[in-house]
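Nothing in this text is a laboratory measurement; each read-out follows from the coordinates by a stated rule. This one's a predicted model, so the numbers in the text were calculated from it and none came from an experiment. Reconstructed Cβ throughout: ideal geometry from the backbone, glycine too, with neighbour counts over all protein chains shown.
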Amino acid sequence: MKLVIIKYNAGNVRSVQFALERLAVEPLLTEDPVEILSADRIIFPGVGEASSAMAYLKERGLDKVILDAKQPFLGICLGMQLMCAHSEENDTPCLDIFQEKVKRFVADQPHLKIPQIGWNNIHGLKTPLFRDVEENSHCYFVHSYYASLGDHTIARTDYCGGFSAALQTRNYYGVQFHPEKSAEVGSAIIKNFLNII
Amino acid sequence: MLTKRIIPCLDIKDGRTVKGTNFIDLRDAGDPVELAALYAEQGADELVFLDITATNEKRKTLAALVDRIAHRINIPFTVGGGISSVEDVRVLLDSGADKISVNTAAFRDPELINRLAAEFGSQCVVLAIDAKKGEDGEWYVYLNGGRLATDKKCLDWATEGVQRGAGEILLTSMDHDGTKAGFAKEITGLVSGSVNVPVIASGGGGAPEHFADILDGHADAALAASIFHFREVSIPELKSYLRQAGIPVR
């Protein structure tokens, strides 16, 4: 299987790379459109800030490459947020694959910290991405912005209200948590992604 | 619901764990990767590696170790100990660390926190603070592993650190560290209530009830070292105790 990780200016991709290697997949890290579109699977990771990431993608035409993808595609964390319609982070128009909007957490109780850092449960699990993953499994989150709940929500998590822990439309999947850091549960989710037809 | 985190800490020197351990079933208990993998399997939520190597080879051996850890471990981990520049941090993050912690170097040069947060994001910058209660009843910052007193109040430094971009505070009470008599509830709760980022309590955890006590409203996570290494408290037992005590855990 040819798996490509999209290389851009947002992020520490090492842990994604290593998680795949533990599943015996050698990913190719590239920003070359031809390589990306000829892959069997595409992973779009990301840790960073939305507007500079979008600017970088546009400069290199990677925004169009992402929209052209026909193969199973997985956005992680900021990657998933960039696949939404718009991010409140520096008022950034994003790729609009998911029409859900990305907003900043507002603490609704004094003890809630922002960013959300740590393990939270995911529920309302849909699609083969979560095959054999138990309801309320815990995944590792680190984020200050979240995608709202909407038609494309395939997993929900609650923090300062409910938000989309995962989104899906057509071949596109996105997860807010870090499957590469979510122990066995995360590994199962990555494996499911590798097996999506 | 966001759960409270249990974080074993491993002290590292020249790529090996420093304090002895009681894990006879490990092939090599001195190998931090073996021990880390065991903790991850047992349900640790995160790991901290504190490097106390003081040689010129430090950077290389630490980066190589971080690379090995990242290959093996599927939970987040933080690396700390003598980190003093953007370049140090870049090497460690590129090797696969999720977060780094800064302590004395950040105190000497507080702008370091701003630079790290701007370069890598607050989510990977942990400000480690060692504190001790003074005779006047105030908590003060100590440096160099607790050997050097300062006149900076712990709460002020924590607040400033977060303003500068620290995404988490790792607060060790030097008064409680090694006592196994419980965490420093007072100062940990005070810091936790004053900053809007997570606070990790460290120092004094000796029994499951100490963890329940500190995680019940005083801290977001709790760190300990030797009680895990010597199997005085196991992570699965600790988690099950906390669950029964009504503390949300994974």
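Figures for the structure shown
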item: Partners for A:Lys70 among lysines (Cα-Cα distance below 16 Å; same-chain residues under 8 apart left out); result: A:Lys2
item: Neighbour-limited loop hits for GluC sites (Glu not before Pro), the range B:100-179 (at most 10 other Cβ within 10 Å; DSSP other than H, G, I, E, B); result: B:Glu135
item: Part-to-part distance (alpha-carbon centres) for the range A:134-196 and the range A:1-44, which is given in Å; result: 19 Å
item: Centroid-to-centroid separation of the range A:49-116 and the range B:193-250 [C-alpha atoms, Å]; result: 34 Å
item: A:Met80, A:Met1 arranged by Cβ crowding within 10 Å, fewest neighbours leading; result: A:Met1, A:Met80
item: Label point 7 Å beyond Cα of A:Glu35 along Cβ direction - residues of the range A:49-86 with amide nitrogen under 17 Å; result: A:57, A:60-63, A:65-66
item: Test item: Cα-centred dipole of the range A:3-195, Lys/Arg +1 and Asp/Glu -1 on Cβ, debye; result: 100 debye
item: Farthest positive-ward along the range B:5-244 dipole, Cα basis, beta-carbon charges - from B:Ala128, B:Phe183, B:Trp139; result: B:Ala128
item: Relative contact order, percent, chain A [alpha-carbon distance under 8 Å, six or more residues apart]; result: 19 percent
item: Two-decimal Rg/Rh across the range B:101-250, once Rg and the Kirkwood Rh are taken from alpha-carbon atoms; result: 0.98
item: The range B:82-128, relative contact order [Cα under 8 Å, separation at least 6], %; result: 42 percent
item: Set of lysines near A:Lys7 by C-alpha distance (under 18 Å), chain-local residues within fewer than 8 positions excluded; result: A:Lys58, A:Lys64
item: Under 22 Å between alpha carbons - lysine pairs in chain B that sit 8 or more apart or on different chains; result: 24
item: Antiparallel content of DSSP bridges confined to the range B:5-244, in %, to 5; result: 20 percent
item: Phi-based couplings in Hz for the range B:109-125 (Karplus 6.51, -1.76, 1.60; Gly and Pro marked x); result: 9, x, 4, 3, 4, 4, 5, 5, 5, 5, 7, 10, x, 4, 4, 10, 10
item: 10 Å Cβ neighbours from other chains, averaged over peptide A:112-123; result: 6
item: Cα extents of the protein assembly as shown along the three principal axes, largest first (Å); result: 65, 47, 46
item: Contact order normalised by residue count of the range A:52-130, Cα under 8 Å, 6+ apart, percent; result: 18 percent
item: Lys, Arg +1 and Asp, Glu -1 on Cβ, resulting dipole of the range B:5-244 about Cα centre, debye, nearest 20; result: 320 debye
item: Computed E for A:Lys2/B:Asp94 - FRET, C-beta separation, R0 41 angstrom, nearest 0.05; result: 0.95
item: Distance in nm between pseudo-label sites at A:Ser144 and B:Phe230 (7 Å out along the Cβ direction from Cα); result: 4.2 nm
item: Calculated [θ] (222 nm, deg cm²/dmol) that DSSP helices of n ≥ 4 give over the protein assembly as shown, each run adding -39,500 (n - 2.57); result: -9000 deg cm²/dmol
item: Where labels lie 7 Å past Cα in the beta-carbon direction, separation of A:Thr127 and B:Glu57 in nm; result: 4.9 nm
